[in-house]
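What follows is a short report on a single structure.
Every number here is computed from the coordinates shown, using simple stated rules; none is lab data. Just so it is clear, the model here is predicted, and its values are computed rather than measured. When we count neighbours, we look across all protein chains shown, and the Cβ atoms used for this are built from the backbone with ideal geometry, even at glycine.
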Amino acid sequence: MSSSHINLKELIFQVLLNITVFVFFGFDRRLPGIESYQLFFFLNYALAALVINYALLPRYLYKNRYLEFVIYALVIIGIVIFVEEAFLEQIFYPDTRGTKFLGVFYNLLSTMPTITILVGFKFAWDALKKQQEVIELRNTVKESELQFLKSQINPHFLFNNMNNLYAYAVEQSPKTPEIILELSSVLRYMLYECQAPFVSITKELEHIQNYINLSELHVEGRGEVTFKKGNIPSNYQIAPLILSVFIENAFKHSVSSQTKNIIIVIDVKVCDDGVLHFICKNSFCEQSNTKSMDSGIGLENVKKRLELIYPKCHTLQIETEHDQYIVDLTINLSKTQG
């Protein structure tokens, strides 16, 4: 933690703090008003606090050099007591307090409260500033991680679909132009329309519909794909490309299983309280490696994104039941609205 420079806000805070402490320091209810000589005694304490705040705290205490901090702080307090006894009291109290030294303990009782208050507020200010810096750093790291995870999605999606497109092109399939058209619409959304942290839920579902249209071409009449959309309020937003990964996974494993009875059911709805319910079911072959369906860059990516974007605001259950692979996801969208 560094306190080597002072910004305008901190300067204003320190001025107001010193004025406030001086008022309480100099005010005596038995003798209303503040005597001018009290300003010199207070300045002696304020200068000591200034040295501790902007020299000793950052150089020693915040660097865990506690012994050196204590030693130098005691030296400064000793200087404060010396200035008060040898000069200030001799000038303003020559016939009373200035006639004798009352002892270190008495002087500490009169010196330490004011210095402690001034130093304590500075320490609290630095602690709050440090906490804010930690929060900003955490948010920066989180945003960087999210951008990295998000950047992995487009190549992952493109890699899978370019392989499929290549296979159709080699076979000179008449579906190739249609696949290219659907692929371009999906990529347009992924590259240009979902750069913001959140997008409209209706926009995201339009993208999902386009993606399903593209992926259905690979089913080739070997089964049925059902996309159910329940109540979808347009005022909610969602992190882009969250749901797409599960749908891509469903198509990838259903189509690759070579079964002739492919069944994919996608059900999305948003309740009035802003909770999104997403269910994606797909058939799979028992002989295939089911473990691989629970791993891979896509699923690991989306699980991490859910943890970062919707901490404690989502539940994700992935299980197999007979010949079906089931993803059950709920997200409280109202928790992330701006």
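Here the relative contact order of region 8-135, from alpha carbon pairs under 8 Å that lie six or more residues apart, stands at 29 percent.
Full extension of the chain between Phe101 and Arg188 yields a length gain of 22.9 nm, computed as 0.36 nm times the residue separation minus the alpha carbon distance.
Most tightly packed first, judged by the mean number of other beta-carbon atoms within 10 Å of their residues, the peptides 78-89, 309-320 read 78-89, 309-320.
Once the chain from Lys130 to Phe24 is taken as fully extended at 0.36 nm per residue, the excess over their C-alpha distance is 35.2 nm. The alpha-carbon of Lys63 sits under 18 angstrom from the alpha-carbons of these lysines, leaving out residues fewer than 8 places away in its chain: Lys122, Lys129, Lys130. Bridging of Lys260 to aspartates and glutamates at a Cα separation below 18 Å is possible for Glu216, Glu220, Glu224, Glu286, Asp323, once same-chain residues fewer than 8 apart are set aside.
For region 173-336, relative contact order (Cα pairs under 8 Å, six or more residues apart, normalised by length) works out to 21 percent. How many nm separate the modelled label positions at Lys260 and Glu10, each set 7 Å beyond the Cα in the direction of the Cβ? Here the modelled spin labels are 7.7 nm apart. Computing FRET efficiency as 1/(1 + (r/R0)^6) for Gln90 and Thr116, where r is the C-beta to C-beta distance and R0 is 25 Å, gives about 0.45.
Between Glu307 and Gln209, the distance separating the two model label sites (each 7 Å from Cα on the Cα→Cβ line) works out to 3.5 nm. For the residue pairs Lys203/Lys228; Lys175/Lys228; Lys312/Lys335; Lys269/Lys304; Lys203/Lys304, alpha carbon separations beyond 20 Å are given by Lys175/Lys228; Lys269/Lys304; Lys203/Lys304.
Between Phe159 and Ile79, the modelled labels are 6.4 nm apart [label points 7 Å from Cα along Cα→Cβ].
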